[in-house]
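The values are calculated or read from the model by the stated rules, or taken from the named source; none is laboratory data. Just so we're clear, the structure is a prediction, and the values are computed from it rather than from any experiment. A quick note on method: Cβ atoms are made from the backbone with ideal geometry, for glycine too, and the neighbour counts reach across all protein chains shown.
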Amino acid sequence: MEPINVDFGGRKRRTAQVHPGGSTAKKVIISLVITAVIAAVLYYIMLPPFNVKAIEMYLYFAVDIIAFIGVFGLVSKAYFRPEYMEYAKNKVKIPVIMLLVIAVIVGIGYLSGAVIFRAKSYHEIINVEDGDFAAEVSSIDFSSVPRLDKDASNMIATRALGELSDYVSQFVVNDYYSTQINYKGTPVRVQSLDYGDIFKWLRNTKEGIPAYIIVDMTTQKAETVRLESGMKYSPAEHFNRYLMRHVRFEYPTLMFDTPSFEIDDNGNPYWIVPVVDMTIGLFGGRDVTGAVLVDAVTGETTLISTSLDGTTKLDTDKFVTDPDLQWIDRVYSAELLNTQYNYYGKYVNGFINSIFGQSEVTVTSDGYNYLALNDDVYMYTGVTSISSDQSIIGFVLINQRTKEAKFYKVSGALESTAQTSAQGKVQDYNYVATFPLLLNVSDEPTYFMALKDASQYVKMYAMVNVKQSTVVAVGSNLLECTENYAAELEKNGISVDIDVDSMGEDTGEEQKPEQTEEISGTVAEIRSVITGGETYFYIRLSDSETYYKVAVSQAEKIVILNTGDQITFVVKKDAKGDIIAVESVK
């Protein structure tokens, strides 16, 4: 039967509904079954939490409903026979209404947590106390001052991995999951590995990731830690061993933040997955309420919670009080803490004031860094008035384990200004300054930076006085930099009491050089491999079965080396093995 359009006095009669034949109930059941399969696949991919405060859940259900509408249109042949379209539209009215209900809930949810209505709640999402810089921020101790940023640490880790012949072709350094922690009283970055590609994942996934890398942020040395049993659970895995899928199946109702990679005091690898909640309205005020600890080797999970009256309550206080959890350094991400402090500063006097008038409104500066204090890791960032971007009015330190936040009132130059001043001091070398740390040098607030070359190598250090950004000192090592800085302060009428002679090993620079020896011979064989963007040559000399490993960045002329050429390697004395890393080439 064809649809009928009848014209009465210029008005068109509605198209008659044409039934495609067959049972409507059967079509609905078939559509539901197909939609259920689609929903299962979508859930496996999207991993939404079944939580009324999770926008991902509403999106997931909306996609499922749209999938049902589309499938029903196919089953009823409405897409192929236009005359069946009215029938299909009539039968999917309930799913369409469900979509509208979801849209209304989401809309009301956003309004209930909108900053314009809840500015006071956003201001109070983090508790900030005033601190005394001279009294509370310890005087300079170079043994705990990180001298590398994330990029430099990643470069060192990549080079360390390149020294391991059995890993270099199969794994790469995962530079995203590089976490700065305090390990045995020393600031380090722990770096997880990733599979080189999907084929290398297929080859190695059964055994898992066999190692991780520790980069000492003070000595700038890397250590590759081999595991007796490989890490089976990580963001590098796929299917059920993919980290976030693993924790989602364990805790289907919890909402998670970005995981971080850490090691406990015994060097065992863990993933710390923060559990978050929306504390303002339905979708506003994101905050951490607990964490899931995942053993990277076994996949065993532990939810940091307390049981009250038979119910489970997430409890961030345990990170403060439980002695077994003190090794954890990162529960709150720097991004979340930065966002929360900006809420605190912007909405101090309400929403309207944050736009008009802006009395007492402050924001964080463009960037942050990490500082090791009292065996914890603190996020550091400067604070500036929203009406001025030329100077800071202070800085904030926020504990990434406990969220303890303190504001220190210090007037002076922005971090970006200090970076420019430091780079200007060595402009002939084109070195780039890392984001500054703020140190207490004889009660003088001082920006400290490493100066890197284009290859991410730290070449020098710089100190810039916060109050007087023209007071700048550089040095090839920390002892020299500190001596120069003390002299610059004295020249500008600032009396300091820095006993550089007592710094000793705290500078980390005056270490006894390792003994080396020279190995000379005729090149018999040359092989090469590229890993982490670096090219390595493996060179065997005649009358030897040992390969000497050289990075192109160490000796660029190595690329024009041919068999039969004479060469001399400088290697560590008594170095042994099938592959020996070369210190330098002559």
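Numerical summary
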| quantity | calculated |
| --- | --- |
| Residue match in segment 553-569 (condition: touching a residue at least 60 places away in the same chain (Cβ under 8 Å) and surrounded by fewer than 17 Cβ atoms within 10 Å (Cβ to Cβ)) | yes |
| Single match in Ile65, Ile97, Ile34 (criterion: assigned to a helix (DSSP H, G or I), out of contact with any Gly (no Cβ under 9 Å at 6 or more places or on another chain) and either surrounded by 18 or more Cβ atoms within 10 Å (Cβ to Cβ) or assigned by TED's automatic domain parsing to the domain that holds Arg286 (or both)) | Ile65 |
| Positions within segment 189-204 being assigned to a helix (DSSP H, G or I) and either hydrophobic (A, V, I, L, M, F, W, C) or at pLDDT 95 or above (or both), in sequence order | Ile198, Phe199, Trp201, Leu202 |
| Leu371 modelled with pLDDT under 95 and not assigned by TED's automatic domain parsing to the domain that holds Tyr177 | yes |
| For Pro445: the one exception among (1) at pLDDT below 90; (2) crowded, with 24+ Cβ neighbours inside 10 Å; (3) in contact with a Gly (Cβ under 7 Å, 6 or more places away or on another chain) | (2) |
| Answer from Gly382, Gly412, Gly394 - the residue that is over 25 Å from Asp216 (Cβ atoms), free of Cβ contacts under 8 Å to residues at least 60 places away in the same chain and under 22 Å from the mean Cα position of the chain (by Cα) | Gly382 |
| Residue within segment 62-72 that is modelled with pLDDT of 95 or more, under 25 Å from His238 (Cα atoms) and within 40 Å of the chain's Cα centre (by Cα) present | yes |
| Output for segment 296-349, where each listed residue is assigned to a strand (DSSP E or B) and modelled with pLDDT of 85 or more | Thr301, Thr302, Leu303 |
| Subset of segment 375-400 [in a loop (DSSP other than H, G, I, E, B) and surrounded by fewer than 21 Cβ atoms within 10 Å (Cβ to Cβ)] | Asp375, Ile386, Ser387, Ser388, Asp389, Gln390 |
| Selection status of Ala211, part of a loop (DSSP other than H, G, I, E, B) and surrounded by 17 or more Cβ atoms within 10 Å (Cβ to Cβ) | no |
| Glu237 vs. criteria free of Cβ contacts under 8 Å to residues at least 60 places away in the same chain, assigned to a loop (DSSP other than H, G, I, E, B) and within 20 Å of the chain's Cα centre (by Cα) | yes |
| When residues of segment 447-481 are limited to those that are within 19 Å of Gly412 (Cα to Cα) and touching a residue at least 60 places away in the same chain (Cβ under 8 Å), the one nearest to the chain's Cα centre (by Cα) | Phe448 |
| Residue in segment 496-504 that is crowded, with 17+ Cβ neighbours inside 10 Å, at pLDDT 90 or above and either among the charged types (D, E, K, R) or part of a loop (DSSP other than H, G, I, E, B) (or both) present | no |
| Test result for Ala405, over 22 Å from Ala135 (Cα atoms) and either of a type in the set (A, V, I, L, M, F, W, C) or touching a His at 6+ places or on another chain (Cβ under 8 Å) (or both) | no |
| Condition check for Ser178: in contact (Cβ under 8 Å) with a residue 24 or more places away in the chain, assigned to a strand (DSSP E or B), of a type in the set (Gly, Ala, Ser) and under 30 Å from Asn204 (Cβ atoms) | yes |
| Filter result for Ala211 (in contact with a helix residue (DSSP H, G or I) (Cβ under 7 Å, 6 or more places away or on another chain), small (Gly, Ala, Ser) and within 20 Å of Asp265 (Cα to Cα)) | no |
| Residue, farthest from Gly107 (Cα to Cα), within segment 47-75, restricted to residues that are among the aromatic types (Phe, Trp, Tyr) and in contact (Cβ under 8 Å) with a residue 40 or more places away in the chain | Phe72 |
| Criterion: in contact (Cβ under 8 Å) with a residue 40 or more places away in the chain, part of a helix (DSSP H, G or I), crowded, with 17+ Cβ neighbours inside 10 Å and under 31 Å from the mean Cα position of the chain (by Cα) - qualifying residue of Leu148, Leu111, Leu161 | Leu161 |
